[in-house]
């Protein structure tokens, strides 16, 4: 039966409204995916909502968004992780007068001398991708102010209260004069993937995930 439905959808396109949640500039990272989805399903409406990095899963669980573009890992029994769309180097966002602001790069061990912005409602294993709890040598990394929104993260960093691990896209889209983005040499790039509620069987979500898989495959080097 699912095969019949898939074949019918491929002919007429899937219709309805799909609400996509992304974190600021990451919408720009999946332009090819969005173009493919819209070309394949012209009757579908794609609506955008902002996902807050300190609380990345909240909008999914509340039903505010149908599918979200999140960094990995996401290991939640009620959520399904779909295709990986891209990967981002991890940088440290600091105030312009921070001791690290004039360095070409730092190492993860240097975070032992920092205070990191803490998330509001985020699994520790997920937060650790951008904000580790310990250095490679085992030193604890302090947590500072607890942010609820991305704007609160930026404010805490600008004020000098704390620093924040961020994906590299932030450096391109938030070039504020009082912010500096420092590469972390030994940080593993974070991968981004589509995530949705496992119980949601919407054909639109399946169609968007299929487009993501094909877009990702097409972008791989030969």
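Structure values in brief
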quantity	calculated
Cβ-derived FRET efficiency at R0 22 Å, residue 46 paired with residue 201, nearest 0.05	0.70
Reduced Cα scattering model of the stretch 61-138, Debye log10 I(q)/I(0), q = 0.17, 0.21, 0.22 Å⁻¹	-0.85, -1.11, -1.17
Listed peptides 189-198, 54-63 by packing density, highest first (mean Cβ within 10 Å)	189-198, 54-63
Calculated FRET efficiency for the pair residue 96/residue 64, C-beta based, R₀ 22 Å, to 0.05	0.05
Values of log10 I(q)/I(0), in the order q = 0.17, 0.28, 0.29 Å⁻¹, for the stretch 158-222 under a Debye, Cα-only, solvent-free model	-0.86, -1.25, -1.29
The stretch 90-183 - Rg over Rh from alpha carbon coordinates, Kirkwood radius	0.92
Calculated FRET efficiency for the pair residue 81/residue 38, C-beta based, R₀ 22 Å, to 0.05	0.40
Percent antiparallel among DSSP beta bridges (both partners in the chain, rounded to 5)	60 percent
Near-label residues of the stretch 175-203 by backbone N, under 19 Å of a point 7 Å along Cα→Cβ of residue 133	188
Convex hull of Cα atoms in the chain, direction-averaged projection (nm²)	13.5 nm²
Cα→Cβ-extended label distance, 7 Å offset, between residue 105 and residue 186, nm	1.2 nm
Rg(Cα) / (2.2 N^0.38 Å) computed for the stretch 1-130, rounded to two decimals	1.35
0 to 90° range, to nearest 10: angle between helix 2-12 axis and the chain longest Cα axis	90 degrees
Length-normalised contact order for the chain - Cα pairs under 8 Å, 6+ apart - percent	31 percent
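Throughout, read-outs are computed from the coordinates displayed, never taken from laboratory work. Only a predicted model underlies this, so the values are computations on that prediction, with no experimental measurement involved. Note: ideal-geometry Cβ built from the backbone for every residue, glycine included; neighbour counts use all protein chains shown.
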